[in-house]
Amino acid sequence: MDYADDEVIADVLNDSHLWFVVGLRDNPARAAYGVARMLQDIGKQVVPIHPAAERVHGATGYPTIALAAAEVGAPDVVDIFVRSDLAGPVIDEAITAGAGAVWLQLGVIDLDAAARATNAGLDVVMDRCPAIEWPRAAAGRHRGAE
């Protein structure tokens, strides 16, 4: 299975609004912080998911995907900024919460969990970063509209 398919990446980026960012804390030194800001800048609603449940970029944080989904609804995308060995349970939570997609960040790889997500009907992007992929997806969207 190709978890870095350009068409899936473009679809996930262009056809989503509500992003749960797992591992997001109010720490500008962390990659999740900058990616969350970029997602907001392109019009996405970002929900921080971390046991600390910190408010980040003005968004209320939640300790779990389940609690966030109960409050704000099922996420379009669960963006995963945790170590690979922790990604599986996060993906299982995303499936249970009714997510449309899971996005595993650069270096986050769990083939078994990705297969579970695919089998559950979710789009899966793995070992990619939306901040890197967005310019290409946006350019493709504009070319397709011409």
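Summary of computed values
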| quantity | calculated |
| --- | --- |
| Matching residues in the range 43-80 - criterion: being surrounded by 19 or more Cβ atoms within 10 Å (Cβ to Cβ), of a type in the set (Gly, Ala, Ser) and touching an Asp or Glu at 6+ places or on another chain (Cβ under 8 Å) | Gly61 |
| Qualifying residues in the range 27-42 (those that are over 15 Å from Glu133 (Cβ atoms) and not hydrophobic (A, V, I, L, M, F, W, C)) - the one surrounded by the fewest Cβ atoms within 10 Å (Cβ to Cβ) | Pro28 |
| Residues within the range 32-68 that are aliphatic (A, V, I, L, M), part of a loop (DSSP other than H, G, I, E, B) and touching a helix residue (DSSP H, G or I) at 6+ places or on another chain (Cβ under 9 Å), tallied | 2 |
| Test result for Ser84, of a type in the set (Ser, Thr, Tyr), under 11 Å from the mean Cα position of the chain (by Cα) and within 19 Å of Tyr3 (Cα to Cα) | no |
| The listed residue being farther than 22 Å from Asn14 by Cα and touching a residue at least 12 places away in the same chain (Cβ under 8 Å), out of Val78, Val125, Val72, Val90 | Val90 |
| Close pairs (6 angstrom Cβ cut-off, 6 or more residues apart or separate chains): modelled with pLDDT of 95 or more in the range 26-54, surrounded by 14 or more Cβ atoms within 10 Å (Cβ to Cβ) and hydroxyl-bearing (Ser, Thr, Tyr) anywhere | Asn27/Tyr33; Ile49/Tyr62; Ala53/Tyr62 |
| Total residues in the range 100-121, condition surrounded by fewer than 20 Cβ atoms within 10 Å (Cβ to Cβ) and in a loop (DSSP other than H, G, I, E, B) | 6 |
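The values are calculated or read from the model by the stated rules, or taken from the named source; none is laboratory data. Since the model is a prediction, treat every value here as computed from it, not as a measurement. Note that we place each Cβ from the backbone using ideal geometry, even for glycine, and neighbour counts take in every protein chain shown.
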